[in-house]
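Q: Mind looking over this structure? Questions follow.
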Amino acid sequence: MPPRMKDKFADQVIPKVAEKFAIKNKMALPKIEKIVLNVGMGKELDGTKVKADVRDQVLDDLARISGQKAVMIKARKSVSNFKVREGYATHAMVTMRGIRMWEFIDRLISLAIPRVKDFRGLKDTSFDPAGNYSFGIGEQGIFPEINMADAKYAHGLNVNVVISNSNPDTSRFLLAELGMPFQRPEDD
């Protein structure tokens, strides 16, 4: 059985996008390619290495949230002010595509984001010129898979939604139709 968000995207969202933006060619329609989760552990560096217990917890948390194994990313440049050396692991990331991506979008919109305390909506200005959307989550505890009682280290994560054949306006409309809770303009 295909994920429900994938069905909603194909059956409801794409026809609305095609109509609103007058896209007649099926191949020119926007498509969600992948979602990338990224956790920076720079402030947890012990000398030049990330503490082992922090690294293990972050990798485990990302695996629980995404349903697949996360990888460590090494620094490309040395930055003395941040105590980062080239070649040392400072980030963890996971890239989701296909069914896992659609299941993650469903859990993010339906379960995780509503659990954010004093949530007023996601910024609708965080689009790059290609139409990709990025936002940050302050704590991993909003995901139901994470038990914060067992967590020794609270960390946030960056979520990047990569959308092909798009621009900021098209992506904003597409994600809003999918159910992404953007901030609403304040009424005076």
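Q: Do we find a residue being outside any loop (DSSP other than H, G, I, E, B) and surrounded by 16 or more Cβ atoms within 10 Å (Cβ to Cβ) anywhere in the range 148-156?
A: Of the range 148-156, the ones outside any loop (DSSP other than H, G, I, E, B) are none.
For the range 148-156, residues outside any loop (DSSP other than H, G, I, E, B) and surrounded by 16 or more Cβ atoms within 10 Å (Cβ to Cβ): absent.
Q: Ok, one more. Checking the conditions here, which among PHE119, PHE127 is in contact (Cβ under 8 Å) with a residue 12 or more places away in the chain, surrounded by fewer than 17 Cβ atoms within 10 Å (Cβ to Cβ), at negative phi and of a type outside the set (A, V, I, L, M)? Spell out how you get there, then give the answer.
A: Numbers: PHE127 fails: surrounded by fewer than 17 Cβ atoms within 10 Å (Cβ to Cβ).
Of PHE119, PHE127, the one residue that is in contact (Cβ under 8 Å) with a residue 12 or more places away in the chain, surrounded by fewer than 17 Cβ atoms within 10 Å (Cβ to Cβ), at negative phi and of a type outside the set (A, V, I, L, M) is PHE119.
Q: Which condition number does PRO114 fail, the rest of (1) loosely packed, with under 13 Cβ neighbours inside 10 Å; (2) within 19 Å of the chain's Cα centre (by Cα); (3) outside any helix (DSSP H, G or I); (4) of a type outside the set (Gly, Ala, Ser) being met?
A: In the conditions (1) loosely packed, with under 13 Cβ neighbours inside 10 Å; (2) within 19 Å of the chain's Cα centre (by Cα); (3) outside any helix (DSSP H, G or I); (4) of a type outside the set (Gly, Ala, Ser), PRO114 misses (3) alone.
Q: Tally time: how many residues in the range 72-106 are modelled with pLDDT of 85 or more, on the phi < 0 side of the Ramachandran plot, loosely packed, with under 14 Cβ neighbours inside 10 Å and not in a loop (DSSP other than H, G, I, E, B)?
A: Residues flagged as modelled with pLDDT of 85 or more, on the phi < 0 side of the Ramachandran plot, loosely packed, with under 14 Cβ neighbours inside 10 Å and not in a loop (DSSP other than H, G, I, E, B) within the range 72-106 amount to 2.
Q: Select from the range 165-180 the residues that are surrounded by fewer than 16 Cβ atoms within 10 Å (Cβ to Cβ) and within 16 Å of the chain's Cα centre (by Cα) and list them in ascending order.
A: Hits for the range 165-180 are ALA176, GLY179.
Q: With the requirement that a residue be modelled with pLDDT of 90 or more, among the β-branched types (Val, Ile, Thr) and surrounded by fewer than 18 Cβ atoms within 10 Å (Cβ to Cβ), what does the range 41-71 give you?
A: Of everything in the range 41-71, just one residue is modelled with pLDDT of 90 or more, among the β-branched types (Val, Ile, Thr) and surrounded by fewer than 18 Cβ atoms within 10 Å (Cβ to Cβ), namely VAL71.
Q: Let me ask something else. Of everything in the range 137-164, what is over 14 Å from the mean Cα position of the chain (by Cα) and of a type in the set (Asp, Glu)? Give them in sequence order.
A: Listed by number, the residues that qualify are GLU145, ASP150.
Q: Please go through the range 1-35 and give me each residue that is among the aliphatic types (A, V, I, L, M) and either crowded, with 16+ Cβ neighbours inside 10 Å or touching a His at 6+ places or on another chain (Cβ under 8 Å) (or both), ordered by number. Lay out the reasoning, then the answer.
A: Initially, the range 1-35 is screened for residues among the aliphatic types (A, V, I, L, M), giving 1, 5, 10, 13-14, 17-18, 22-23, 27-29, 32, 35.
Within the range 1-35, MET5, VAL13, ILE14, VAL17, ALA18, ILE23, LEU29, ILE32, ILE35 qualify.
The values are calculated or read from the model by the stated rules, or taken from the named source; none is laboratory data. Being a predicted model, the structure only gives us computed values, none of them experimental. Note that each Cβ is placed from the backbone with ideal geometry, even for glycine, and that neighbours are counted across all protein chains shown.
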